[in-house]
1. Is it true that some residue in the range 394-413 is closer than 23 Å to residue 679 by Cα, open to solvent by 20 Å² or more (accessible area, probe 1.4 Å) and either at pLDDT 95 or above or more than 16 Å from the ligand (Cβ to nearest atom) (or both)?
2. Report every pair of residues separated by at least 6 positions or lying on different chains whose Cβ atoms are under 6 Å apart, first residue within the range 598-620 and under 22 Å from residue 425 (Cα atoms), second within 16 Å of the ligand (Cβ to nearest atom) and part of a strand (DSSP E or B).
3. Select from the range 615-638 the residues that are hydrophobic (A, V, I, L, M, F, W, C) and assigned to a helix (DSSP H, G or I) and list them in ascending order.
4. Please go through the range 347-384 and pick out each residue that is of a type in the set (Ser, Thr, Tyr), under 16 Å from residue 436 (Cα atoms) and in contact with an Asp or Glu (Cβ under 8 Å, 6 or more places away or on another chain).
5. Starting from residues that are in a helix (DSSP H, G or I) and of a type in the set (Asp, Glu), keep the ones in the range 438-476 and report whichever is nearest to residue 546 (Cα to Cα).
6. So, of the residues in the range 335-368 that are within 14 Å of the ligand (Cβ to nearest atom) and among the aliphatic types (A, V, I, L, M), which turns out to be surrounded by the fewest Cβ atoms within 10 Å (Cβ to Cβ)?
7. Do you know which residues across the range 595-630 are within 16 Å of the ligand (Cβ to nearest atom) and over 27 Å from the mean Cα position of the chain (by Cα)?
Amino acid sequence: MNSQIDSWKIVEHEFKLCRNANQESLFTLANGFIGMRGDGEEPISNGFSKPGTFINGFFEKAAIIYGESAYGFAKNKQIMLNVCNAKQLTIMVDGEEFHPEHSRMESYYRELDMKSGIEIRKLVWITESGKKILIENRNLVSMTRKFVAARECSVTPLNFSGPIQIESYLEGSKYIEEKTDDPRVEEGLGDGDFRVTERTHMEHLGRKTAFMKQSAKNSGLSVACTVTESISQDCNEVREAEEDWLLARYLINVSENEPVKLQKYISYVTSQREFQDCYEKTSAGQACEAADAGFEQLLKEQALFMEEFWSHGDVAIKGDPSLTQSIRFNLFHLLQSTGRDSFTSTASKGLSGEGYGGHYFWESEAYIAPVFLFLDETIAKSMLEYRYTILDKAREQARLMGHETGALYSWRSIDGEEASAYFPAGSAQYHINGDIAFAVVRYLDATLDMDFLEKCGLEILLETARIWADMGHYSALKDGKFCIDCVTGPDEYTAIVDNNCYTNLMARENLWNAVKYARFLKAENGKRYEEIAEKIGLKVQELEEFQKAADLMYIPYDEKLQIHMQDDTFLYRKVLDLDKIPEQNFPLLLHYHPLFIYRHQVCKQPDLLLAQFFLFNRFTNEEKKRNFDYYEKLATHDSSLSVCIFSVMAAEIGEVDKAYDYFMQCIRTDLDDMQKNTKDGLHMANMAGAWMSIVHGFAGMNAAEGELSFKPKLPKQWEGYEFSVRYRGKEIKVEVDRMGVSYEMKSEGRLTITHWGEAVDVDFGNKRVFKWGEEG
Ligand code: BGC
């Protein structure tokens, strides 16, 4: 069966109502700015579809209503907006309307072609009177034209000639999410908060266009959408407008076996930043320019862009097309969902659904940016630049939380303002500062991009480090060690604790690196260093304070069990017997009060183990193993961020079979709807985690301080696997199979790597091959 799988495609052979909402997420098309869920041309019955078109970073705010509020609570929720829908088309023959839910179909086929970045649908509709019509759709969201999406519908009468009608809509009313108790699902907006403020049919650059503007009341943001169409045959055209929709109706006389093609060029531009004064015009111009270029040209551009991406990013599992397809699927969606404009990042569900309100969380830097770092560092850089653009908001958040200096990044947000209404598992996750700082350091290490250090990096490092210095203290009860209290670590099933080990470890790196890079810049470019120091009012003694706090950081460790403690009190708590929890009560967060959960030793996701992964060289192998064995038993993996890290760490401690099992639970999370909420959007961090499981887990890749190292292993189920990574401007291809491991430079020059601890020079044109058994 596997051999029939085309590993470049996700294919659907049948339209199934019950799985439609999930499929819409899987078939999402996006370009980091526009995201269009795979809700097709026809509206599907309520409850089976979650139509969506989103713009990265485009949102509305609404006041959070608390029963009991307190000082400093987040004031506003933020919601990524579901903007006007330009997908809808109605095809009619003899007054009968095609609809996949109700119409008779002789055949149905849909594919997501990840190699060329398009979606294709082909079906044959049989009308009640027996007329057969071939309907073919090709859809794309342009990777090369940020503001453009294009859709083509081709209609071919197979056994008749005569009139058909196509109606093409631009619809402003939006889907409103139902209210639920699931915190992962975002509530909709109040009526009227986001509405159509202008809609008109107009001429632009000699083309007929449908133009719609929608505005959000509280955020003050607007989006303009322009659609211009071209049709391959003369026809009678009628245009209509209602309060919140526009319609173009084409009456066409078709001939048997002759296709008629309708091409739709769509452009969305928002009133943000440089387009503030010209977004309407820009949208109209972009749609018309795309139409002038034509559909085939857009396809060509798309294919070229994707070819370039895959030439660096592709990962293949030899002999297993299904797993190869799955990892490509994950990478494809990561690419599609990630903003590349320095003002946006990757939301936890990307641009594929409204889950978590379209917010960016810590995983953008902890899981996703590190993948791009090795595939296309410009994307990782753009994600970090986004954090720089919201540094002032992080400064405001720090003041609100009682810190006199420094910057504290919000736990979940779009524009930087804290939007988390539940602070124990939200704002208390101070580790986000450490995660962002660590991503900056990894970026600097992998690229040596000193320009970034000067423009953004050092300021982020210093401002985030200040929070630790401000909030921590030297505790006499802990032998004068530096302690950090009242925080929540990554594991959301344990909240507001003292000395969360992960947080302390990441804070220590943050502090050390702030000092290291400050001193580095001072030596390299004293003038720029002084400018930054002056801008943020850095006092001379602060760097010394950072150094001391880091050197004396308290790292909780239990001598008896010989393991790191997740926090000061974690090991004192009662172990939750997971075997006694009924299967249907997972995830725990939907079935137990938070206090019940917090009171137990139980983990939603890795906490300390994540630190072991990131800070691989700060733990001994024995420590890694003992910690893994202890914390594994407590994990529910209720977060989709979990199993991938267990896979990486299992591989690291040599338990390859176990690593493989975890990997299998991670790789098809969305394709098999394993979290049972793919309909709300794809799980971006997990998708990145799948790549990490292969590259950091099985191939044992680590990178730090100029050293790129590998400790490859081969799961017994695989014939082999291959991938490429970029490091310090060099690209290296790694192939692992049953014979051994090879390293090949894909770019000019030499890179020295380590293979199982042994330094190896890899020169361009000289593949280095190691047989199994040769590793140290
Ligand atoms: C996880 C968090 C994550 C959030 C958004 C939660 O379930 O516990 O770590 O940031 O989802 O993806």
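The values are calculated or read from the model by the stated rules, or taken from the named source; none is laboratory data. Model, not experiment: these values are computed from the prediction. With ideal geometry, Cβ positions are generated from the backbone for all residues, glycine too; neighbour counts draw on all protein chains shown. Please note that ligands, DNA and RNA were not included when accessible areas were found on the heavy atoms of the full protein model with its side chains. Shrake-Rupley method; radii C 1.70, N 1.55, O 1.52, S 1.80 Å.
1. Looking for residues that are closer than 23 Å to residue 679 by Cα, open to solvent by 20 Å² or more (accessible area, probe 1.4 Å) and either at pLDDT 95 or above or more than 16 Å from the ligand (Cβ to nearest atom) (or both), one finds at least one in the range 394-413, hence yes.
2. Hits for this filter: 603/635.
3. 616, 628, listed by residue number.
4. Result: 348, 382.
5. 470
6. Only one residue fits best here, namely 366.
7. Once the filter is applied, which keeps residues that are within 16 Å of the ligand (Cβ to nearest atom) and over 27 Å from the mean Cα position of the chain (by Cα), the range 595-630 yields 597, 598.
Yes/no matrix, rows are residues, columns are (1) touching a Lys or Arg at 6+ places or on another chain (Cβ under 7 Å); (2) on the phi > 0 side of the Ramachandran plot:
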position: 676; (1), (2): no, yes
position: 679; (1), (2): yes, no
position: 705; (1), (2): no, yes
position: 716; (1), (2): no, no
position: 738; (1), (2): no, no
position: 761; (1), (2): yes, no
